[in-house]
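Below is one structure, written out as structure tokens; comments come after it.
Quick note: the coordinates plus some simple rules give every number you see, no bench work behind them. Quick caveat, the model's predicted, so the values are computed rather than measured. Reconstructed Cβ throughout: ideal geometry from the backbone, glycine too, with neighbour counts over all protein chains shown.
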């Protein structure tokens with residue numbers, strides 16, 4: 001039997017096509033929090049990315065754009081930013097401080113507000129107060145394992161005077177990937193604070209970087225940078241990588257950089273990011 005497609009048939013197809021096209025054009029697509037933030041940052045950067053006062057403006061820009069993240073970012077002691085987990089289940093938050101300092105008020109506040117958090121720290125020099133809130137490992141952390149010479153402060157306190165000198169000591173350094181996976185034996189970390197900075201640190205976060213290649217996920221990261229060019233490059237790389245958001249803040253001669261992982265599903269669940277998209 002031969003079917004003849006009449007003009008009415010083609011007219012009907014055209015009407016159906018037009019209806020679906022109009023529906024697609026008029027449907028409001030819900031942007032993710034990260035997309036809104038990234039658009040906000042890139043619009044702001046394009047105005048003054050070559051300016052010499054880059055760091056003076058970046059704090060204001062990241063502060064104004066963070067409203068799109070819909071996260072309760074709090075500032076703890078010792079210039080550390082943090083988002084407390086909202087996921088109410090058996091998941092135990094895990095925190096690591098690389099380079100524990102004498103000032104552990106930030107870690108103490110973290111433990112007080114989130115008592116269930118497991119806290120670890122590293123430092124060649126023992127910090128007795130840290131042991132009250134977590135476990136400290138007497139090592140330095142870097143990109144390689146071995147013995148390194150580390151410049152450390154030495155204090156002499158007597159009834160007559162108080163002296164502070166710098167001395168160079170050989171210490172054990174562990175590769176950060178080895179430490180995370182083989183010493184702490186974990187692949188997922190709620191937060192890591194770096195009180196020491198090494199050149200390859202920013203590359204850990206990027207796509208196909210050491211963290212991703214080794215199956216390590218970190219939801220939040222704090223570290224400090226003392227050079228404008230370095231801070232600027234880290235920001236640009238992170239924005240174009242489209243995995244982490246960045247909050248920057250000037251603190252004296254340093255720039256505090258706070259990163260939140262918007263790419264890892266488990267991190268998004270823990271922090272309540274774009275929950276409408278999660279099954």
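Residue exposure proxy: 57, 95, ordered by other Cβ atoms within 10 angstrom of their Cβ from fewest to most, comes out as 57, 95. Bridges between two residues of segment 122-263, per DSSP, are antiparallel at a rate of about 75%.
Cβ-Cβ distance of residue 91 and residue 35, R₀ of 22 Å, FRET efficiency by 1/(1 + (r/R0)^6): the value works out to about 0.25. The simple spin-label model puts a point 7 Å past each Cα toward its Cβ; for residue 132 and residue 250 those points are separated by 3.6 nm.
Full extension of the chain segment joining residue 63 with residue 263 gains 69.9 nm, where the gain is 0.36 nm per residue of separation less the Cα-Cα distance. Highest-first packing order for the peptide set 244-250, 258-264 is 258-264, 244-250, based on the mean count of other beta carbon atoms within 10 Å. Modelled this way, with points 7 Å down the Cα-to-C-beta line, the labels at residue 242 and residue 177 are 2.6 nm from one another.
Applying 1/(1 + (r/R0)^6) with R0 = 35 Å to the Cβ-Cβ distance of residue 70 and residue 143, what FRET efficiency is obtained, to the nearest 0.05? It comes out at approximately 0.50. Of all DSSP beta bridges confined to segment 179-279, the antiparallel ones make up roughly 75%.
A simple spin-label model places the labels of residue 102 and residue 229 3.4 nm from each other, with each point 7 Å out along Cα-to-Cβ.
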